[in-house]
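Q: Input: one structure, supplied below.
The values are calculated or read from the model by the stated rules, or taken from the named source; none is laboratory data. All values derive from a computational prediction rather than experimental measurement. Glycine also receives a Cβ, built like all others from the backbone with ideal geometry; neighbour counts cover every protein chain displayed. Surface accessibility is based on the protein's heavy atoms, side chains included, excluding ligands, DNA and RNA. Shrake-Rupley method; radii C 1.70, N 1.55, O 1.52, S 1.80 Å.
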Amino acid sequence: MDKSISMPVSVYALGGLGEVGKNMYCIENEETIIIIDCGVRFPGVEFPGIDYVVPDFTHLKNNRNKVKALFVTHGHEDHIGGIPFLVKSLNIPAIYAPRLAAALIRNKFEEMRLSDKLPLIEYDEKTEVSVDRFKVGFFRVTHSIPDSFGIVVDTPEGRIVSTGDFKVDLTPIGPDINLTRMAELGREGVDLLLSDSTNAENEGYTPSEKNVFDAIDDVFAKANGRLIISTFSSNISRIQQICEAANKHGRKIMIIGRSMEKAMEIARSYGYIKTLDDSIIKPEEIKNYKSNQIVVICTGSQGEPMAALSRIANGEHKDLYIAPGDTVVFSSSAIPGNGIMIDHVVNQLARCGADVVTNSILNDIHSSGHPSKQELRLVLKIFQSHYFMPMHGEYRMLLIHSQIANEVGIPEENCFVLDNGDVLELSKGKVKRAYQVEHGNTYIDGKDIKGLADGVMADRRILTSDGMVVVSVTIDSHNNKLIDSPLIVTKGVVASHSKRNIDACAKLIEKAVVEKLLTKTSFAELKNIIKDVAGNYLYDKTRSHPMIIPVIMTKN
C-alpha cells in the first residue's frame, strides 16, 4: 500500500470505560488492529452464577484479518484475565507482555489447556515493535505489581500514549517510574493521551508502597495469635512486604488459595518475592507451631464466595478454621459493587471470634496502585498532549480526570469522556469523535468461552429477585380445544402463598386460551397470551415481574 496515503486511526475501548476492570483498548486503521490489554471484571451479587465478565469480541471477530498483535501493560487480572477467552475466539498473531505478566499468562494457558505454541513474546523498555504502519514502544511505570509499563504507539497520523495502570511512587518496591522517558515523549510531541482514572476523585498523592510496610509491621507486632492476611494474588509487592514482616517477627508463612499459591511460585522463581524455602510451611504442618508463629496469606479480600477466606470464615476449609484470638487483615480496598460480599465475610469472621482489620485512617494497610489528582496533574504536564481521553474508571472518575486535564491547560473541546464502543478518530494530528463499534459484555460461567448473553443474565436476575412461574396447558390440537384446566407451578413468587390467587390466575388463563382457540392460532400466540395474562395478574397482586414459562402439550 502507498505509505503516502492518509489512513485515519481509530481509538476505542471494548472494556474499561464506565467501569473498573475489563480493560481492553484498540487502535485501528484500514489494515491493522492492535489491542492493548484484555482483562476481566469480577462480578458482584448482581451477576448470579457468573465467574468472569469479559469484553464482547464481536467487532474483533468481524475484523479478524486485521488483528495483528496484543500488547499487555502488566499482570493484573483486569488486564490479562480475558486473554485465554480472546485467543479461543480468534487468532492473535503475537502477544507482547513484560516478564512477570508473560509468566502469569503462560500459567493461564496451562490451566485452560491452551497450546503452548501461542506466540507470547517478552518485552522491556528497549523493545521496539513494528506492526504494519504502527511502531510500538514502552516506558516503565510504578504500580502494585512489578514489570508495569506504559505504551507509546507511533502512527502515520500521530502519536498515541497509554499510561497503563500507574502511580508516581518515588520510593517504590522495585524499579523507579521512568519520568525521564515520559518527559522525552512529551517534548517530542504526544497527540492523544490515554490515562488511568481510578483514583481521580482523590486529592493529593497516593501513598507509597513503602508506607504500607510500617502498618503491616505494626499489625504483626500487635497480633497475639494467628495472623490471616487476605489480598489479591497478583499484588506481588504486597505479598513481598508480608513475607518480609513474617521473617522479621519469626512467623512461618502458609499460602492458601490456588491462585495465591501459583502467583507465589511464579514470583519467587523470578526473584520478585524473596523468602527462604524453610519460611513456608504446608497446611498439614500448622499443628507443629504455636498460633503466634504463623501467618496465613490467602485470597478472598473482595468477599468472593468461593475464595479461600470465605471458605475459612464459613468453616468449609479442610485445613484451617477461625479461632478466638485470630487476627484477619483485609489488605486491599473494596472494588465497587463488592461491599455487600465483603461485609458478609467480615461479620462471619467476627462471629467466629476473630479480630478483623480493614483499611482505615488508623490502619493504612493498603496503598492503591493508582494515581491521585496531583499525580494526574504531573503526568498531564509531562506529556503535554494535544488531546486527552481518560480511561480505566467509572464515569464520574473519567469526568473528574477530564476536568483535571482542563485545569492544566488541555482545552475542554480536546478532552473526550467516552463509553465503551465510542470511537475517536486521529487524522494528521487532529482528533474527533467518530462512529461506534459493537461492544458489550460476555458473561463466563465456568470456562466456557461461548459465554452468556445479556438476555440470559436478565433472566437470571429476574429469577433471583422475582421468581418463576410455569404454566402448563394441554390442548386437543385436532379439535382445537382445551383438555384440562391450566396447571401452575411457582418458585419464589409471593402469590404462591395464596392458593386462591393461583386458582384465580388459572381461571383467567383458561378463559383467554379457550377464546383464542376459537380462532386460527399458533403455539407462539398461545404462549404470548399465557405470558400476558399471568404476568398482568401477578404484577397486580405482587408488584413483581416473575419469569413466566408457558408449556403447551398436545393430544392428537
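Q: Taking region 85-99, which residues are among the hydrophobic types (A, V, I, L, M, F, W, C) and either buried (at least 20 other Cβ atoms within 10 Å of the Cβ) or part of a helix (DSSP H, G or I) (or both)? Give the derivation first.
A: Looking only at region 85-99, we keep the residues that are among the hydrophobic types (A, V, I, L, M, F, W, C), and these are 85-87, 90, 92, 94-95, 97.
Of everything in region 85-99, those that are among the hydrophobic types (A, V, I, L, M, F, W, C) and either buried (at least 20 other Cβ atoms within 10 Å of the Cβ) or part of a helix (DSSP H, G or I) (or both) turn out to be PHE85, LEU86, VAL87, ILE92, ILE95, ALA97.
Q: Could you look through region 269-302, keep only residues that are more than 27 Å from ILE173 (Cα to Cα) and part of a loop (DSSP other than H, G, I, E, B), and pick out the one that is most open to solvent (accessible area, probe 1.4 Å)?
A: Among them, the one singled out is LYS290.
Q: Related question: Condition first: in a helix (DSSP H, G or I) and surrounded by 18 or more Cβ atoms within 10 Å (Cβ to Cβ). Now tell me which residues in region 245-258 satisfy that.
A: To start, the set of residues in region 245-258 that are in a helix (DSSP H, G or I) comprises 245-248, 258.
Answer for region 245-258, where residues must be in a helix (DSSP H, G or I) and surrounded by 18 or more Cβ atoms within 10 Å (Cβ to Cβ): ALA245, ALA246.
Q: Given the conditions (1) open to solvent by 70 Å² or more (accessible area, probe 1.4 Å); (2) at pLDDT 95 or above, report the number of the one that LEU193 does not fulfil.
A: Result: LEU193 passes all but (1).
Q: Restricting to region 391-403, name every residue that is more than 23 Å from GLU184 (Cβ to Cβ) and open to solvent by less than 20 Å² (accessible area, probe 1.4 Å). Steps first, please.
A: Within region 391-403, the first condition is being more than 23 Å from GLU184 (Cβ to Cβ), and the residues that meet it are 392-403.
Selection gives HIS392, GLY393, MET397, LEU398, HIS401, SER402.
Q: Kindly provide the set of residues from region 218-230 that are in a loop (DSSP other than H, G, I, E, B) and out of contact with any strand residue (DSSP E or B) (no Cβ under 7 Å at 6 or more places or on another chain), ordered by number.
A: Taking region 218-230 as the starting set, the residues that turn out to be in a loop (DSSP other than H, G, I, E, B) are 223-226.
Selection gives ASN224 alone.
Q: How many residues, within region 310-334, are outside any loop (DSSP other than H, G, I, E, B) and open to solvent by 50 Å² or more (accessible area, probe 1.4 Å)?
A: Looking only at region 310-334, we keep the residues that are outside any loop (DSSP other than H, G, I, E, B), and these are 310-313, 327-330.
Filter once more, so that each one left must be open to solvent by 50 Å² or more (accessible area, probe 1.4 Å): 311.
Final tally of qualifying residues: 1.
Q: So, one more: In region 100-121, how many residues are surrounded by fewer than 15 Cβ atoms within 10 Å (Cβ to Cβ) and within 17 Å of ILE151 (Cβ to Cβ)?
A: Summing the residues that are surrounded by fewer than 15 Cβ atoms within 10 Å (Cβ to Cβ) and within 17 Å of ILE151 (Cβ to Cβ) in region 100-121 gives 1.
Q: Taking the conditions exactly as written (β-branched (Val, Ile, Thr), assigned to a helix (DSSP H, G or I), open to solvent by 10 Å² or more (accessible area, probe 1.4 Å) and more than 30 Å from MET7 (Cα to Cα)), does ILE382 satisfy them or not?
A: Numbers: β-branched (Val, Ile, Thr): yes; assigned to a helix (DSSP H, G or I): yes; open to solvent by 10 Å² or more (accessible area, probe 1.4 Å): yes; more than 30 Å from MET7 (Cα to Cα): no.
In short, no.
Q: Name every residue in region 533-548 that is open to solvent by less than 90 Å² (accessible area, probe 1.4 Å) and either farther than 19 Å from THR474 by Cβ or in contact with a Lys or Arg (Cβ under 8 Å, 6 or more places away or on another chain) (or both), in order of residue number.
A: Taking region 533-548 as the starting set, the residues that turn out to be open to solvent by less than 90 Å² (accessible area, probe 1.4 Å) are 533-535, 537-539, 542, 544, 546-548.
Listed by number, the residues that qualify are GLY535, TYR537, LEU538, TYR539, THR542, SER544, PRO546, MET547, ILE548.
Per-residue answers, yes or no, for (1) more than 25 Å from LYS22 (Cα to Cα); (2) in a loop (DSSP other than H, G, I, E, B):
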residue: LEU118; (1), (2): no, yes
residue: PRO146; (1), (2): no, yes
residue: VAL153; (1), (2): no, no
residue: ASP169; (1), (2): no, yes
residue: LEU185; (1), (2): yes, no
residue: ASN202; (1), (2): no, yes
residue: ASN211; (1), (2): yes, no
residue: ILE216; (1), (2): yes, no
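Q: Given the conditions (1) part of a helix (DSSP H, G or I); (2) at pLDDT below 80; (3) not charged (D, E, K, R), and given that ILE361 satisfies all but one, which numbered condition is not satisfied?
A: (1)
Q: I'd like the full set of residues that are farther than 18 Å from THR358 by Cβ and not aliphatic (A, V, I, L, M), limited to region 226-243.
A: Result: SER233, SER234, SER237, GLN240, CYS243.
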